[in-house]
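K.L.:
Let me give you the structure first, and then I'll get to my questions.
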Amino acid sequence: MTDPGTTAIFGSFALTEQDGAQAVLRDHWVLLEGRRIAAVTPTRPQADVVLDRPGRFLLPGLINLHNHCFSEMLARTHTEDGAGRKNNKSIVYTVLMPLSRRGLELYTPEERMAVARLGVLQLLKGGNATVMEPFRNGLPEMFAAAEEMGLRFYGAPYLFSTADAVAGADGVVRYAGDDGAADLAAWNALYDTWEGRDDGRIRLAMSPHATDTVGPDLFRTATARARELGVPNTTHLAQSPGEVATIRTRYDRTPAEYLDWLGVLGPDLLAAHCVDCTDDDLRLMAARRTTVLNCPRVFARAGTVASYAHFRAHGLRTVIGTDGYNLDLLGEMNAAAIISKTSAGSATVASAPELIDAVTRDAAAAIGRDDLGVIRPGARADITAIDVGHPHLQPLYEPRRALVWLANRANLDLVLVDGRLLIEGGRYIHADEAAITAAGVAAIGKIWDLPQAQAAFAG
Ligand SMILES: [Zn+2]
């Protein structure tokens, strides 16, 4: 990308740090120079571009460490209200895995790019500046779309021992395939192509898919490779009762015990969901300093509680992701607050500042990035700005509470990544949103029309 020059943004509120604690400044400017934040100042600085409008709440670029653009786009509006899960409560094995696999067999490279662009557009319009995206390695266009559209991206192409996990009519999951070596080779090739592109904006994470689809040897090999390269390691852990039953049958362990047995649990592991972990599992994970990726709304859809506060109460670093369902980080924070408080029976858990940390500083720490998730000189010039001037956000006493409890995605004003303005007035400014949407819809529709998909949604 060309040098973005200098940009000055006025915030009626700006989220910063003071003495290591989260702090909100009134009426400050943030000056971006190139890809870095240069200053946070009460006086108007000189800059090439001046974004001066009252009512903005300036946040560090929000960080979403668990999302799937493609697989969940396949499922949306087909799988709410219990559809697609009659014989197996998790749509992972009835809809997501089989249909994403089938789709990648059918698609042209142009269709894959259309899906990837629509996903990235939704992410940016959901306030996300940094996204970790696990996906099947047959969709490498995720990297190209993120690079093209300006998102900060941790692509996490899956490794599977058994990529073909499908629930039968009896609800039992059957595992097939032997893909470990090929997937590791594909991951290494994608690493060689994409790691560090555009001054480090495009990165990779290691991504063994889940405890039931990745065997011991592949988990060990993938984790060793991640540690050799110093990249984050992410997986799905205890995301369904079916997975827990499978790991009990195979290894007489819980999924968390399985990973600990293999030496995979550690501070470099980002474990998605963990909803079927026992309290002992969570204590074990806390002792290993593993991070939990909490995605409350996708589980609420199925009647399952995924409480941010529950994981925090076990001492676990817990961050908030969208799992691809809705791709709206503000909505996900709101869901995290509601689900945590109702399930704990307490108003004090999952406070607004805590939840904001979960998509800024805590998420940055989970991937070893002290230059993200914070507005201070020297940090990366990533900003998400919310317009809190809307009538439903006024009058306003505490902007962080307004953000979590009252704001929504339609109040997004700006997203900048590496100093480059991507979203302004809530719109993506570098391409035609309607054209991106139409192309993505056409590609997804090609799968929805398959008899296999119709049967999966009905089953
Ligand atoms: Zn996931």
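K.L.:
Take region 253-275 and flag every residue that is under 21 Å from Asn67 (Cβ atoms) and either among the aliphatic types (A, V, I, L, M) or out of contact with any Phe, Trp or Tyr (no Cβ under 8 Å at 6 or more places or on another chain) (or both).
P.N.:
Asp268, Leu269, Leu270, Ala271, Ala272, Val275
K.L.:
Let me ask something else. So which of Arg250, Arg283, Arg317, Arg312 ends up being closer than 24 Å to Phe135 by Cα and more than 16 Å from the ligand (Cβ to nearest atom)?
P.N.:
Step by step, each of Arg250, Arg283, Arg317, Arg312 is checked, and only Arg317 is closer than 24 Å to Phe135 by Cα and more than 16 Å from the ligand (Cβ to nearest atom).
K.L.:
So Gln46 clears everything in (1) more than 20 Å from Ser351 (Cα to Cα); (2) of a type in the set (S, T, N, Q); (3) assigned to a strand (DSSP E or B) except one condition, right? Which one?
P.N.:
Only one criterion is unmet by Gln46, namely (3).
K.L.:
Determine whether region 104-119 contains at least one residue that is touching a residue at least 24 places away in the same chain (Cβ under 8 Å) and within 14 Å of the chain's Cα centre (by Cα).
P.N.:
yes
K.L.:
Same structure, new question: State all residues of region 383-426 that are surrounded by fewer than 13 Cβ atoms within 10 Å (Cβ to Cβ) and within 22 Å of the chain's Cα centre (by Cα); if no residue qualifies, say none.
P.N.:
Within region 383-426, Ala410 is the sole residue that qualifies.
K.L.:
Where in region 201-278 are there strands (runs of 3 or more DSSP E), lying fully within it, with 3 or more residues that are closer than 19 Å to Ser90 by Cβ?
P.N.:
Ranges flagged: 233-237, 269-273.
Every residue, every condition in (1) in contact (Cβ under 8 Å) with a residue 60 or more places away in the chain; (2) not in a helix (DSSP H, G or I), yes or no:
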| site | (1), (2) |
| --- | --- |
| Tyr397 | no, yes |
| Arg400 | yes, no |
| Leu422 | yes, yes |
| Ala434 | no, no |
| Thr437 | yes, no |
| Val441 | yes, no |
| Gln452 | yes, no |
| Ala455 | no, no |
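K.L.:
All but one of (1) in a helix (DSSP H, G or I); (2) surrounded by fewer than 22 Cβ atoms within 10 Å (Cβ to Cβ); (3) touching a residue at least 40 places away in the same chain (Cβ under 8 Å) hold for Trp187; which doesn't?
P.N.:
All conditions pass for Trp187, except number (2).
K.L.:
Keeping to region 273-303, report how many residues are surrounded by fewer than 21 Cβ atoms within 10 Å (Cβ to Cβ), among the hydroxyl-bearing types (Ser, Thr, Tyr) and in contact with a helix residue (DSSP H, G or I) (Cβ under 7 Å, 6 or more places away or on another chain).
P.N.:
0
K.L.:
Can you name every residue in region 57-83 that is crowded, with 24+ Cβ neighbours inside 10 Å and over 20 Å from the mean Cα position of the chain (by Cα)?
P.N.:
Scanning region 57-83 gives Phe57, Leu58.
K.L.:
State yes or no: is Leu414 out of contact with any helix residue (DSSP H, G or I) (no Cβ under 8 Å at 6 or more places or on another chain), farther than 30 Å from Gly103 by Cβ and not basic (Lys, Arg)?
P.N.:
When the stated conditions are applied, Leu414 passes them.
K.L.:
Same structure, new question: Working carefully through the options Gly55, Gly82, find the one that is away from the ligand (no atom under 16 Å from the Cβ) and outside the structural domain of His392 (by TED's automatic domain parsing).
P.N.:
Gly82
K.L.:
Restricting attention to helices (runs of 4 or more DSSP H) lying wholly within region 87-161, give those where 2 or more residues are crowded, with 24+ Cβ neighbours inside 10 Å and at pLDDT below 95.
P.N.:
Ranges flagged: 97-106.
K.L.:
Here is a follow-up. Could you go through region 352-360 and let me know if any residue there is more than 13 Å from the chain's Cα centre (by Cα), surrounded by 18 or more Cβ atoms within 10 Å (Cβ to Cβ) and farther than 20 Å from Leu412 by Cα.
P.N.:
Yes, the conditions are met somewhere in region 352-360.
K.L.:
Any idea which of Gly242, Gly324 is within 16 Å of the ligand (Cβ to nearest atom), within 22 Å of Gly84 (Cβ to Cβ) and either of a type in the set (Ser, Thr, Tyr) or surrounded by 21 or more Cβ atoms within 10 Å (Cβ to Cβ) (or both)?
P.N.:
Gly324
K.L.:
Go through the residues of region 55-70 one by one and say whether even a single one is part of a loop (DSSP other than H, G, I, E, B), in contact with a Ser or Thr (Cβ under 6 Å, 6 or more places away or on another chain) and either acidic (Asp, Glu) or more than 25 Å from Ala222 (Cα to Cα) (or both).
P.N.:
Yes, because at least one residue in region 55-70 is part of a loop (DSSP other than H, G, I, E, B), in contact with a Ser or Thr (Cβ under 6 Å, 6 or more places away or on another chain) and either acidic (Asp, Glu) or more than 25 Å from Ala222 (Cα to Cα) (or both).
K.L.:
Please enumerate the residues belonging to region 309-326 that are touching an Asp or Glu at 6+ places or on another chain (Cβ under 8 Å) and of a type outside the set (S, T, N, Q).
P.N.:
Within region 309-326, Arg312, His314, Arg317, Val319, Ile320, Gly321, Asp323, Gly324, Tyr325 qualify.
K.L.:
Is it the case that some residue within region 119-136 is within 16 Å of the ligand (Cβ to nearest atom) and over 30 Å from Asn334 (Cα atoms)?
P.N.:
no
K.L.:
So Ala336 passes all but one of these: (1) in contact with a Ser or Thr (Cβ under 7 Å, 6 or more places away or on another chain); (2) away from the ligand (no atom under 14 Å from the Cβ); (3) among the small types (Gly, Ala, Ser). Which condition number does it fail?
P.N.:
(1)
K.L.:
Looking at (1) within 19 Å of the chain's Cα centre (by Cα); (2) assigned by TED's automatic domain parsing to the domain that holds Met285, find the lone condition where Gly345 falls short.
P.N.:
So the condition that Gly345 fails would be (1).
K.L.:
Among the candidates Gly196, Gly177, single out the residue that is surrounded by 14 or more Cβ atoms within 10 Å (Cβ to Cβ) and assigned by TED's automatic domain parsing to the domain that holds Tyr251. If you could, list the steps in order and put the result at the bottom.
P.N.:
On the way: Gly196 fails: surrounded by 14 or more Cβ atoms within 10 Å (Cβ to Cβ).
Every option except Gly177 fails the conditions.
The values are calculated or read from the model by the stated rules, or taken from the named source; none is laboratory data. Everything numeric in this text was worked out from a predicted model, so none of it was measured. Backbone-built Cβ (ideal geometry, glycine too); neighbour counts: all protein chains shown.
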